[in-house]
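Only one structure is covered here, and it is reproduced in the block below.
The values are calculated or read from the model by the stated rules, or taken from the named source; none is laboratory data. All values reported here derive from a predicted model rather than from experimental measurement. Note that each Cβ is placed from the backbone with ideal geometry, even for glycine, and that neighbours are counted across all protein chains shown.
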Amino acid sequence: MLSAKILIADDHEIFRKGIKQILSDMPDKYDIEEASNGSEVMKKISGNEFDMVLLDISMPGRNGIDILKQLKNFRPDLQVLILSMYPEEQFAVRALKAGAAGYLTKASKHDEFVNAVHKILAGKKYISASLANRLALYIRTDERKAPHETLSAREYEVMCMTASGKRVKQIAMELSLSDKTISTYRSRILNKLKMKNIAQLIQYTINNRIVEQLNK
């Protein structure tokens, strides 16, 4: 029987309670706490010895990948499992490179989640078969990085949301940022990708199959 202290970090209370219930129903003994944003995550981590953090990528204010990097700098041994609404091809490689021990989409099955928790708490990585293939391809390729790989985690997230049809105001509301901040991000994205307008950006994401899974 496992015994561990786990922090669930997600801005949606219903999702946190659902994950907490799944963990509570397991035969293992888990001491569970919750956080709804990056500031709460760092505050709790600084005052507690957690064994594992279940971290959402799309957090209010700071992006989950940025929070992950800060966590790993502060506690290199801390195990972090990313739970995200985004499909693997969009953020998984970025998350693993930043120090995550695993990546699961929120659409994953119950048994897969349980297996991932057990494996990561045992000190191992959790990588799905499809993600393993993607990582192998990523490691083998000698080609120059695609332009979108130069984007920051937040810029990449805003790009995906924009390409999936969301307007500035909607993105701002979901990320708890101002309209002006989102507009600034979009301008930076266009500048980095050397594009003139959003139409070109959307076409780029289609050509590179970045938002393909979101539109299914």
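Looking at segment 39-53, which of its residues are under 24 Å from residue 122 (Cβ atoms) and either free of Cβ contacts under 8 Å to residues at least 60 places away in the same chain or not assigned by TED's automatic domain parsing to the domain that holds residue 96 (or both)?
Of everything in segment 39-53, those that are under 24 Å from residue 122 (Cβ atoms) and either free of Cβ contacts under 8 Å to residues at least 60 places away in the same chain or not assigned by TED's automatic domain parsing to the domain that holds residue 96 (or both) turn out to be 41, 44, 45, 48, 49, 50, 53.
So which of 91, 50 is touching a strand residue (DSSP E or B) at 6+ places or on another chain (Cβ under 9 Å) and part of a helix (DSSP H, G or I)?
After applying the criteria, what remains is 91.
Assess whether residue 68 counts as being out of contact with any His (no Cβ under 6 Å at 6 or more places or on another chain) and not in a strand (DSSP E or B).
Yes; evaluated as a whole, the condition is true for this residue.
Count, please, the residues in segment 49-107 that happen to be over 24 Å from residue 173 (Cα atoms) and of a type in the set (Ser, Thr, Tyr).
Going through segment 49-107 one residue at a time, the tally reaches 1.
Looking at segment 7-38, which of the residues that are free of Cβ contacts under 8 Å to residues at least 60 places away in the same chain and hydrophobic (A, V, I, L, M, F, W, C) is farthest from residue 114 (Cα to Cα)?
My answer is 35.
Name the one entry in 198, 189, 182 that is in contact with a helix residue (DSSP H, G or I) (Cβ under 9 Å, 6 or more places away or on another chain) and closer than 15 Å to residue 60 by Cα.
182
Among (1) closer than 13 Å to residue 91 by Cα; (2) modelled with pLDDT of 90 or more, which single condition is residue 172 missing?
(1)
The conditions are (1) within 16 Å of residue 66 (Cβ to Cβ); (2) part of a loop (DSSP other than H, G, I, E, B); (3) modelled with pLDDT of 90 or more, and residue 194 fails exactly one of them. Which is it?
Evaluating residue 194 over (1) within 16 Å of residue 66 (Cβ to Cβ); (2) part of a loop (DSSP other than H, G, I, E, B); (3) modelled with pLDDT of 90 or more leaves (1) as the failure.
Filter segment 10-39 down to the residues that are crowded, with 17+ Cβ neighbours inside 10 Å, closer than 25 Å to residue 157 by Cα and not hydroxyl-bearing (Ser, Thr, Tyr) and list them by number.
10, 11, 16, 19, 34, 35, 37, 38
Condition first: outside any helix (DSSP H, G or I) and either in contact with a His (Cβ under 8 Å, 6 or more places away or on another chain) or polar (S, T, N, Q) (or both). Now tell me which residues in segment 1-27 satisfy that.
2, 3
Determine which member of the set 107, 92 is exposed (fewer than 15 other Cβ atoms within 10 Å of the Cβ) and under 14 Å from the mean Cα position of the chain (by Cα). Reasoning before the result, please.
On the way: 92 fails: exposed (fewer than 15 other Cβ atoms within 10 Å of the Cβ).
Result of the check over 107, 92: 107.
What pairs come out if I take residues in segment 60-80 that are assigned by TED's automatic domain parsing to the domain that holds residue 45 and pair them with residues that are among the aromatic types (Phe, Trp, Tyr) and buried (at least 24 other Cβ atoms within 10 Å of the Cβ) whose C-beta lies under 8 Å away, six or more apart or interchain?
Qualifying pairs under 8 Å: 65/91.
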